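The values are calculated or read from the model by the stated rules, or taken from the named source; none is laboratory data. Everything numeric in this text was worked out from a predicted model, so none of it was measured. Every residue, glycine among them, receives a Cβ derived from its backbone with ideal geometry; neighbour counts consider all protein chains shown.
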């Protein structure tokens, strides 16, 4: 009996998906064609993986080869994180990377003039006003850092949360104050969503503009554009509940996740993030790659024999 032919799945567009689901204490598998989490008692919870942008696996979770394969086929990013989602260890690319977009991004990042234009566009998109003229990338980084520190201070004051600055040491998580724990959990959620969008659009998480030298530099760039309208308010709102005594400190991570999920939906972040990436890179002044017709690979220049680096 011959095998059934392979049927290519048509992934749901990222803008039409739900955001992030965290899983812990169970095995992720494919059973009877369904993507499921099986706990230690054998209970199954079906996960609509095709409708998710990102799946975060916390400690105590195992995942099978079949589950990873199915997630990749439907374009759901899998991220391995620490407890509470506050450390990102590894991520599996969902596929769809485009060489032309990677080259476009790299060209804009490696040439200092286009890079500065992109950084200035990020500044304008983040703060709603133009970046100061005649400033280098390093100078803009310093100006941005000062504005961000002030925004943290003001937001803490508005929410009535004690604040002594942004401090985060992954090796001493339990010693961090509640506000910093909330902020770390919130930004981890946003990083997962931003990385899923970057990979789904065919760009590289490591090729950043303001941030450099990290595996997730571009993720930090894009997340920074949106964090103060989404996850930072969610973090301070949650920290305020702890400060008022309406939420126990050991429940902050889950509360932050729910608040971030609601913020992503309220701001339509999944519908905005990929177009925003395109707008920011277009500010480089370089000609962007052409979009491919739906269901087809993007058109790339013809490579003649011997021009692709292979010999013999």
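When residues of segment 39-57 are filtered for being free of Cβ contacts under 8 Å to residues at least 60 places away in the same chain and either more than 19 Å from residue 76 (Cα to Cα) or crowded, with 18+ Cβ neighbours inside 10 Å (or both), how many remain? So the count comes out to 11.
Looking only at residues in segment 121-140 that are in a helix (DSSP H, G or I) and over 21 Å from the mean Cα position of the chain (by Cα), the one that is surrounded by the fewest Cβ atoms within 10 Å (Cβ to Cβ) is 138. Answer with yes or no whether residue 147 is surrounded by 15 or more Cβ atoms within 10 Å (Cβ to Cβ) and modelled with pLDDT of 95 or more. No; evaluated as a whole, the condition is false for this residue. Residue-level analysis places residue 83 among those that are within 30 Å of residue 231 (Cβ to Cβ), at pLDDT below 85 and either surrounded by 12 or more Cβ atoms within 10 Å (Cβ to Cβ) or in the same structural domain as residue 269 (by TED's automatic domain parsing) (or both).
Can you find a residue in segment 184-194 that is more than 12 Å from the chain's Cα centre (by Cα), touching a residue at least 40 places away in the same chain (Cβ under 8 Å) and assigned to a helix (DSSP H, G or I)? Looking for residues that are more than 12 Å from the chain's Cα centre (by Cα), touching a residue at least 40 places away in the same chain (Cβ under 8 Å) and assigned to a helix (DSSP H, G or I), one finds at least one in segment 184-194, hence yes. Of the residues making up segment 215-238, one or more are part of a loop (DSSP other than H, G, I, E, B), more than 12 Å from the chain's Cα centre (by Cα), under 18 Å from residue 109 (Cα atoms) and without any contact (Cβ under 8 Å) to a residue 12 or more places away in the chain.
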